[in-house]
Structure formats: structure tokens, C-alpha cells
Amino acid sequence: MLSDIEIANAATLRPITEVAVESLGIDAEHLVPYGHDKAKVDPVYLTSLADRPLGKLILVTALSPTPPGEGKTTTSVGLTDALHGMGHRAIACLREPSMGPVFGMKGGAAGGGYSQVVPMTDINLHFTGDFAAIAAANNLLAALIDNHVHHGNELDIDVRTVTWKRVLDTNDRALREVVVGLGGPINGFPREDGFDIVVASELMAIFCLTESWADLKRRIGDIVIGYSRAGAPVTARDLGATGAMAVLLRDAIAPNLVQTLEGAPAFVHGGPFANIAHGCSSVMATRAGLRLADYVVTEAGFGADLGAEKFVDIKCRMSGLRPDVAVVVATVRALKYHGGVALADLDTEDLDAVEAGMDNLRRHLHNLREVHGIPCVVAVNRFPSDTDAEVTRVVELSEAAGATAYPATHFTDGGIGAQDLAKGVLQVLDEPPSSTFAFTYPDELSLTEKVEAVATRIYGAGRVTWDGKASKRLARIERDGYAGLPVCIAKTQYSFSTDPTVLGAPTGHELRVREVRLSAGAGFVVVVCGDMMTMPGLPSHPAAQRIDLADDGTIIGLS
């Protein structure tokens, strides 16, 4: 089989204006083209759709993944292609890839095989410049903070409390902790600082949760960058940064329209981390898709304990959006991994390990159906090494757990390989809901109680413990009036616990909180558990070493 990039490079793409008109009814005058095969949709036009009824929202999530991932994006694209090929008006709403993982360990994130969004190289690299705009706006605020201190510090900012970091869209561990302002008074006031990757910036979360230019300015103004010596929060609004930062993001908040290999439309817009932020594509793109199509297929990052929980408790809470069905992506490989098989041995048939690993999938299904009230189907994303007996066993065990499972071969077969899955999703959507949609916790709980609710109800933890610094920070956040915000728990994606080696469905474990961060502009409080990093490092053999430019200008090695 050809590589992902070979498949993408061989594809014949429809003009994006044709995709917009024929698939979504968007006239060319409402598009801002970026070449022939990608465009932004004018936000002013999108506001004119406000009276249209909303389509059905299909949330794609997964069991706890193996390090290579289980193919949520690929499944999202395959399902969209299946619905599109069956004659339905469907659109995918996906996140934009970060160049950090593209050149690091993971590689690209535009789908895979014959279920990709294209142009794949553009989407995985600079695309329409959204991330560059976010980095520029983020770093403008950082520059204004240091400039304010340099020129007299009228706001009396305690530089020891500044939490706003600079960002870039590259993995670079050497920049996690730095000192700025060295070289004498002309270069500012020396202080400790650091860099995050762009997708970890609070501004990225704001970008994906905002609904308008006015809302964008409000959220930017609410960003708390640190505290005065008197202990009062200092905001971007206090620094006079709101207008200029919003100007840098003015065009970026328009959703990006591209297409799948089979010509179905796709919005690829925004890309927040699925742990330090909420891991979902933009609200603007999702809402636009629901007004333009009958079916919107969107995904939330990592397993359902991270991505789907944040989709519900943060994105849905703030936007009013509600998923009509969840597709839980499972693989034979991940089930065997959670059943005790080493990564190196996952290609060997092991029905006992598949059965043992089902504890993990059952926990995710329980959370989605019983905690959140979302009906589910299971997509068995088939790998070449899977045996028929293993796939059959996954289907049987899923049925026993009360969820219909559909083997899917969209990676090798495109949309036709996900048609059974599409039919199963449509069948669920045709049935009256058997439960009521619900959040994990109500707004009125304290921040501590909200964390405990997620830990016990979603993760199966027995208790939550707080490091002293984290507990003091939480108390200060509540004292400053932010107790009503939802929580965004950052932890490993590989386990329900904070230990990535504890697989399956552990219960009674401890959730230890080591750090608390306020994202007042985004509208949530980040609770950091374990060893989560907001500036990843490169692996020993980064993907960057395999990527090259051919003499004819063709990009090769990107996957």
C-alpha cells in the first residue's frame, strides 16, 4: 500500500469553490481562497445562517490509546466519506495539526491511508496561517507585559507572578525554562520565563471557544497574566492589549474549508491540546457545519476520559451544542495492549488479551452513556494484523456491553469501508433518545468538588490529593471570583489514572494534583496531574529527519 503522503499527492482535488457550492451551498463570494484547494468562510456570512436548523452532531472519541493512536481522525474522515457517498450532506469538523508533533514523534494528523483531508501537506504545515497568527498575538502580549514593567510598571505587576509564556509551534525542550531581560537595563527587567507550544496557549483555547469578534475581544481582555504586588489579578485588558491582539486574529477565526480524498467538505480549524486545553476544533466551525449540513462528524482528542469529557463539560457547556451520538473508536491492538500485551507483540493473535482489554472500552462506554447520556456505537478500526477471530470477538464483547460494533476498513478502502458504520450511526440517530444529556458536574460546585467529580465518576479514582502549592493556588482562584468555571484536567492519555503504565480500567487510585492554572479568557481552570508538559521535546529519531523536499518541489516523508 502507498504511504499517506503518496496517496495524498496522487489525489485529484476539486476546486474548493466547487466543493463549497455543491456540497454546502456556499457561493464563491463568501469564500476567501487560499489557492485552489482551501479557503476561509467569511464570518459575516456565517452569522446570516443563524436561523437555520441545526443538523445532527456525531462525536468521534476512543478508548484509551496506544502510543501510536487508534485512528480517530482517520475514522472521522472515513465516516464523513461514507455518509457523503451515500448521498447525505455531511461535513467533518477537525482540528488543525501542530507542527511540533508533525516534526516530532507523531507525524501528521490529517487522517491516514484513503481516509484523509487534503491538501495533506498544507494542512500539516503552515496551512492558512492560523497558528502563526495565534503565536503572534500571544507573543505580542508577552512583549507588552515586559515593556510595561520596563517603562515604570504603572500596574505594579509582581514579575514573580507572571504566568503568560511565549510560544512557538515547534517542539523545543531547551525553551521550557529561560531567563529574559539579560544584558543590562536597556533590555528590560531580568525574570524567569519560558515557552509553550502554540497549541498549549490559552489563546488557542480562546480561539476555539469564541463565537464572534466581539466575544474574542472580551475573552482576550479577561486573560489573567499575573498579579500586582497587592495581590490583584492583572489582565490583558489592563495592559491595553485587547484590540491589537484581536486584530492579529481577525482573519484567523474564519473557519478553514478543505475536502477529503473523496471530495466531501471538511472544516479544519483550531487545535488546542486535549489535556492542557479542551482538545476540540472550533465552536465557530462546528456550529457553521451544523447549519450547512445534515450531519457533522467531529472528534475530541485522546480517549473519551480526556477528549469527550472536555467536549461535554467545556465545549458543550459554553456553546450549548449537544452531541446526538458518540462513535467510540476501538482497535484490536489497543484492547490487547490494555489486556497486558507488550507493544512489540501486538501483531500476534491473542483472544484472551482482547477480552481482558475490554474493561477499558466498557468503562468509556459507561461514562458516555450513563454519565453523559450520549448513545454510542463502536467503530472497530481494523489494522492489517488483526485476525478475523479477534475482530469477531470485539464485536461480540461490545454487543454484550450493550453497544453495537461495526468493523471498518476505511484506511484501506476509503468511505465504502465505513458504510456499515455509517448505517449504524444513522440507525441510532433515527431512534428516540433513551437518556438525557448531562454534564459530569453542575456549575455551582466548588472547583475542588468539580475535580473530585471527574476523578471519581470518569476516572474511577478513589480520592484526590493536592500538593500544597496547588491547593493554595486553587484557593486564590476561587477567592478572585472564578469558582464557577469548569475544570480542565491535564493527565496522561494512556490510562484512567495519572500513571501511563496502569492500563485497563483501574479503580480506587489516587489523582494527585501538582499544579493549578487559571485560563480566565478561555473560561476554565486547568488542573495539572502527573508529569504533563506544555512544551514537548523531540524524540531520539524525530520525524523531521525523514521529511525532505524533492528537486521538483514535491514534499516527501511526511506522514
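Here residue 262 clears all of (1) open to solvent by less than 20 Å² (accessible area, probe 1.4 Å); (2) under 30 Å from residue 83 (Cα atoms); (3) of a type in the set (Asp, Glu) except the condition numbered (1).
Residues satisfying the criterion are absent from region 95-106 (criterion: over 30 Å from residue 295 (Cα atoms), modelled with pLDDT of 95 or more, part of a loop (DSSP other than H, G, I, E, B) and hydrophobic (A, V, I, L, M, F, W, C)). For residue 334, the test of being under 24 Å from residue 38 (Cα atoms), open to solvent by less than 10 Å² (accessible area, probe 1.4 Å) and not in a strand (DSSP E or B) is failed. Taken residue by residue, region 22-41 has at least one member that is part of a helix (DSSP H, G or I) and among the small types (Gly, Ala, Ser). Confirm whether residue 80 is in a strand (DSSP E or B), under 21 Å from the mean Cα position of the chain (by Cα) and either of a type in the set (Ser, Thr, Tyr) or surrounded by fewer than 24 Cβ atoms within 10 Å (Cβ to Cβ) (or both). No. Criterion first (under 27 Å from the mean Cα position of the chain (by Cα), at pLDDT 95 or above, surrounded by fewer than 17 Cβ atoms within 10 Å (Cβ to Cβ) and assigned to a helix (DSSP H, G or I)) does residue 44 satisfy it? The answer is yes for residue 44.
Candidates are the residues of region 180-196 that are open to solvent by less than 30 Å² (accessible area, probe 1.4 Å) and charged (D, E, K, R); the one that is farthest from residue 153 (Cα to Cα) is 196.
Residues that are over 19 Å from residue 86 (Cβ atoms) and either in a loop (DSSP other than H, G, I, E, B) or touching a Phe, Trp or Tyr at 6+ places or on another chain (Cβ under 6 Å) (or both) within region 393-414 comprise 401, 402, 403, listed in sequence order.
If you go through region 276-298 and pick out every residue that is on the phi < 0 side of the Ramachandran plot and open to solvent by less than 10 Å² (accessible area, probe 1.4 Å), you end up with 16. Taking region 134-151 as the range and being open to solvent by 20 Å² or more (accessible area, probe 1.4 Å) and out of contact with any strand residue (DSSP E or B) (no Cβ under 8 Å at 6 or more places or on another chain) as the test, the residues that pass are 136, 140, 143, 144, 147, 150, 151. The set of residues in region 1-26 being without any contact (Cβ under 8 Å) to a residue 12 or more places away in the chain and either basic (Lys, Arg) or open to solvent by 80 Å² or more (accessible area, probe 1.4 Å) (or both) consists of 2, 6, 12, 22. Mind checking which residues of region 427-464 are open to solvent by 10 Å² or more (accessible area, probe 1.4 Å), among the hydrophobic types (A, V, I, L, M, F, W, C), in contact (Cβ under 8 Å) with a residue 40 or more places away in the chain and not in a loop (DSSP other than H, G, I, E, B)? Matches in region 427-464: 428, 429, 464. Has region 63-72 got at least one residue that is at negative phi, part of a strand (DSSP E or B) and either modelled with pLDDT of 95 or more or open to solvent by less than 20 Å² (accessible area, probe 1.4 Å) (or both)? There is no residue in region 63-72 that is at negative phi, part of a strand (DSSP E or B) and either modelled with pLDDT of 95 or more or open to solvent by less than 20 Å² (accessible area, probe 1.4 Å) (or both).
Looking only at residues in region 163-199 that are among the β-branched types (Val, Ile, Thr) and under 25 Å from the mean Cα position of the chain (by Cα), the one that is farthest from residue 535 (Cα to Cα) is 163.
Pairs are defined by a Cβ separation below 9 Å, a sequence spacing of at least 6 or placement on different chains, a first member in region 369-397 that is at positive phi, and a second member that is open to solvent by 10 Å² or more (accessible area, probe 1.4 Å) and in a strand (DSSP E or B); no pair meets this definition.
When restricted to residues that are exposed (fewer than 13 other Cβ atoms within 10 Å of the Cβ) and at positive phi, region 152-179 contains 1. Looking at region 94-124 only, could you name the residues that are among the hydrophobic types (A, V, I, L, M, F, W, C), open to solvent by 20 Å² or more (accessible area, probe 1.4 Å) and in contact (Cβ under 8 Å) with a residue 60 or more places away in the chain? Listed by number, the residues that qualify are 99, 103, 105. Among the conditions (1) open to solvent by 50 Å² or more (accessible area, probe 1.4 Å); (2) closer than 30 Å to residue 232 by Cβ, residue 384 misses just one, which is (2).
The values are calculated or read from the model by the stated rules, or taken from the named source; none is laboratory data. Treat the numbers as computed from the prediction; the structure is a model and nothing was measured. A quick note on method: Cβ atoms are made from the backbone with ideal geometry, for glycine too, and the neighbour counts reach across all protein chains shown. Quick note on the areas: whole protein, heavy atoms, side chains included, nothing else; ligands and nucleic acids left out. Shrake-Rupley method; radii C 1.70, N 1.55, O 1.52, S 1.80 Å.
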